[in-house]
Structure formats: structure tokens, C-alpha cells
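Reading through the C-alpha cells given below for one structure.
The values are calculated or read from the model by the stated rules, or taken from the named source; none is laboratory data. The model shown is predicted, which means the values in this text are computed figures rather than measured ones. Positions of Cβ are backbone-derived with ideal geometry, glycine not excepted, and every protein chain shown enters the neighbour counts. Surface areas here come from the heavy atoms of the whole protein model, side chains and all, with no ligands, DNA or RNA. Shrake-Rupley method; radii C 1.70, N 1.55, O 1.52, S 1.80 Å.
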Amino acid sequence: MTFYVEGISQNLASDAQVRRIGEYASLPEAITVAQKAVDAFLTRAYTPGMDFKALFALYRDQGEHPFIFRDDDKTFNVPGFNHIQYAMEKAKTICGDRK
């Protein structure tokens, strides 16, 4: 089975763009790549002193949101990865906020 990681940008615009990030033989490999896409945005967007809510809001509004699909077209976003939950936890880690 093949897993596809695709990133959706300009999420709030009517002309959202989809980018194929890659194709992977295993779900763990696809999840790692999707996490790296979120990490890259959050790391670039972070400024010292920023709280996690502000960083997460930037991701939600401006970041590329990765989704993972199987090649059998039976799932929209495979179980095991939720970019929103991951981004929120990662933003807390980056900002040093554990609230």
C-alpha cells in the first residue's frame, strides 16, 4: 500500500492549492514527513516571546496543512495523524508553554 502526503495551502482562500509532498511505503514514514512539514512552518514563524496560541493561530491561518491518503481511496485522512493536534502540541513545545 502507498501513502500519499499532500499539503493544502491558502486554506481560507477560494483558490486553495494542493502540493504533493511525497509517496511513502509505510504510514509511520508518511506521518514523519507530515510532521516535518508542520515543524518547518512553526519554526520559521516563531519569534522569541511568542506564546503558543499566537504561533498556532499563524499555522492555522497561513500554514500548509498536510493530509495523508492511502492509495485505495477509502480514506480522506488516514487515522494516526491529525495536523491540527500535532501543530498545537508542537507550538506549545516550541514556545515552552505547557498550560
(message) What distance in nm separates the two pseudo spin-label positions at GLN17 and GLN35, each 7 Å out from Cα along the beta-carbon direction?
(response) 2.7
(request) Describe numerically, in nm with one decimal, the distance between label points set 7 Å from Cα along Cα→Cβ at SER9 and at ALA54. (result) 2.4
(request) Grab the Cα-Cα distance for TYR46 and ASP97, subtract it from 0.36 nm times how many residues apart they are, and report the gain in nm with one decimal. (result) 17.1 nm
(request) For the chain, give the percent of accessible area contributed by carbon and sulfur heavy atoms, probe 1.4 Å, rounded to a whole number. (result) 53
(request) Give the accessible surface of the chain per residue, rounded to a whole number of Å², with probe radius 1.4 Å and ligands, DNA and RNA excluded. (result) 59
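Please compute the contact order of segment 26-88 in relative form: average sequence separation of alpha-carbon pairs under 8 Å and at least six residues apart, divided by the residue count, as a percent.
Working: 49 pairs, mean separation 25.0, N = 63.
Reported relative contact order: 40 percent.
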(message) Can you give me the solvent accessible area of GLU6 with a 1.4 Å probe, rounded to the nearest 10 Å²?
(response) 40
(message) Tell me the mean residue ellipticity at 222 nm calculated for the chain from its helices only (DSSP H runs of n ≥ 4, each -39500 (n - 2.57), averaged over every residue, nearest 500).
(response) -14000 deg cm²/dmol
(request) Please list the radius of gyration and Dmax for the chain, considering alpha-carbon atoms only, with Å as the unit. (result) 13.9, 45
